[in-house]
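I have placed the structure first, in the form of structure tokens, so that the comments after it can refer back to it.
Read-outs: derived from the displayed coordinates by stated rules, not from any lab. Just so it is clear, the model here is predicted, and its values are computed rather than measured. Because the Cβ atoms are built from the backbone with ideal geometry, glycine has one as well, and the counts that use them run over all protein chains shown.
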Amino acid sequence: MGRLLPVLLGMMLLAACQTDTHAVFSPVPTAAPHTAPTAAILQSNDVPPAFQACLGSGPIDVYLSVLATTAPDVASSDAAYWSNLRSHGAIAGAISVFAANPSACTAELGATSTVKSMTSFVAQFADEGEADRAWQDGVFGFSPPPVGELAPGVTRGTSTGLGASSFVYLRSSVRLASWRHSVFVALVVASNGDANLFNVATAAIDQRLN
């Protein structure tokens with residue numbers, strides 16, 4: 001019996017090792033990094049060749065610095081809008097302005113002009129809640145209209161094609177879209193451009209907002 005005991009213990013240990021199951025751990029997929037605002041705004045290949053990028057297009061701080069030397073009043077106003085977004089949690093922002101004539105490069109957003117131009121702005125926030133609250137408060141002075149109180153030419157919500165937190169204003173001389181997608185808020189203002197170009201521009205930006 002003394003010699004059988006070690007044999008029996010060895011057989012039991014072997015059986016236990018064969019029947020034990022071990023969990024298989026799979027690596028946790030990492031979320032794709034968010035697109036940088038400078039990559040999300042309109043790029044040169046998003047607009048017709050007749051539209052040239054205005055000096056300063058890119059990071060919002062660079063844009064404001066350049067604008068301060070050419071249109072200080074507009075720069076001061078835009079800086080206040082950016083400061084308001086920062087107070088809502090914006091961590092990065094970028095703007096691009098394309099115009100058929102340099103005279104539109106220093107114009108206030110949405111101002112009536114005979115020059116064709118297109119401006120895009122994108123700001124990134126830490127989370128979707130911050131981004132949505134900032135959008136509700138207004139982006140560069142453009143706030144969403146109250147639900148059920150839409151003026152002619154204004155559409156709000158999913159029917160814009162830009163999500164629930166969005167509104168679009170369409171007029172022959174000015175077309176504007178403001179929306180929140182993921183952790184971003186975006187704004188596109190087109191002056192004297194056609195509807196197709198405006199729709200293509202907003203769709204191009206929206207696809208980049210992850």
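List of remarks:
- The stretch 30-208: relative contact order as a whole-number percent, Cα under 8 Å and 6+ apart: 22
- Rg(Cα)/(2.2 N^0.38 Å) for the stretch 30-208, N = residue count: 0.95
- Whole-Hz ³J(HN,Hα) from phi, Karplus 6.51 cos²θ - 1.76 cosθ + 1.60, for the stretch 200-210, glycine and proline x: 5, 5, 5, 5, 4, 5, 4, 5, 8, 8, 10
- Assuming charge only on the beta carbon of Lys and Arg (+1) and of Asp and Glu (-1), the dipole of the stretch 30-208 about its Cα centre is about 280 debye to the nearest 20.
- Annotation for V62 and R133: the two label points, set 7 Å from Cα along the Cα-Cβ direction, are 3.1 nm apart.
- With the simple model of a label 7 Å out from the Cα in the direction of the Cβ, A203 to S173 spans 2.9 nm.
- Look at the alpha carbon pairs under 8 Å that are at least 6 residues apart: their mean separation over the length of the stretch 92-191 gives a relative contact order of 31 percent.
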